[in-house]
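Working notes for the structure below.
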Amino acid sequence: MKDAFAELGLPRRAALDPETIRQRLHELSKTLHPDGGSNPDAEALERANQAAAILSDPAQRLRQWIGESQAHSGSIAPELMNLFSEIGPVIQAADALIAKKRTAKTALAQALLTPEVTNAQQALMAVGAQIRESLAACEARLPQIDQDPNLETAESLSREFAFLGKWQREIQAKFSSLF
């Protein structure tokens, strides 16, 4: 989508209240919905829904604010590298345990893995909590970008969101695989 902000008629801001986005989509839906809107347009309604989904996600909203093509170039902050040094071994251990679990064919073999599975799940939950804390810290920095629009800061924050989101999805997938 070229410009989700324009699609919803919202100000181009890194920090937007989710309720504002929801209200604007509701207003547009009343007008554009094919089953009763005053100006029915199914395609425009679909674009509005897509725009609302983008702007409701802080990472995607920031990429829209920056411009998609510039959002992922450059290095990542040392704090993220430190976090990754904690996440990497947990993911590797989970991968090894998942492979071990796949080869355990009998109920007894699977039961013997229970303590290891429990420990791996706890480790995944712990790094997952760290990722959620980091994501919350990133979201808290969005208003700063609106106050002092610095493209370099916005791009750096966008990269942080991208890495944290990727790691969060990977942790969730490993956790699910251990069940």
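Considering segment 110-149 alone, what residues qualify as being acidic (Asp, Glu), within 14 Å of Ile98 (Cα to Cα) and under 24 Å from the mean Cα position of the chain (by Cα)? Show your work before the answer.
Of segment 110-149, the ones acidic (Asp, Glu) are 116, 133, 139, 146, 148.
From what is left, the residues that are within 14 Å of Ile98 (Cα to Cα) are 116.
Residues satisfying the conditions do not exist here.
Across segment 1-51, the qualifying residues are those that are in contact with a Pro (Cβ under 8 Å, 6 or more places away or on another chain) and exposed (fewer than 15 other Cβ atoms within 10 Å of the Cβ), and the one among them that is nearest to Cys138 (Cα to Cα) is Ala42.
Does Ala44 satisfy the condition of being modelled with pLDDT of 90 or more and in contact with a helix residue (DSSP H, G or I) (Cβ under 6 Å, 6 or more places away or on another chain)? For Ala44, the condition - modelled with pLDDT of 90 or more and in contact with a helix residue (DSSP H, G or I) (Cβ under 6 Å, 6 or more places away or on another chain) - is not met.
The values are calculated or read from the model by the stated rules, or taken from the named source; none is laboratory data. Computed from a prediction, not measured in an experiment: that's the story for all the values here. Don't worry about glycine lacking a Cβ; one is built from the backbone with ideal geometry, like all the others, and counts go over all protein chains shown.
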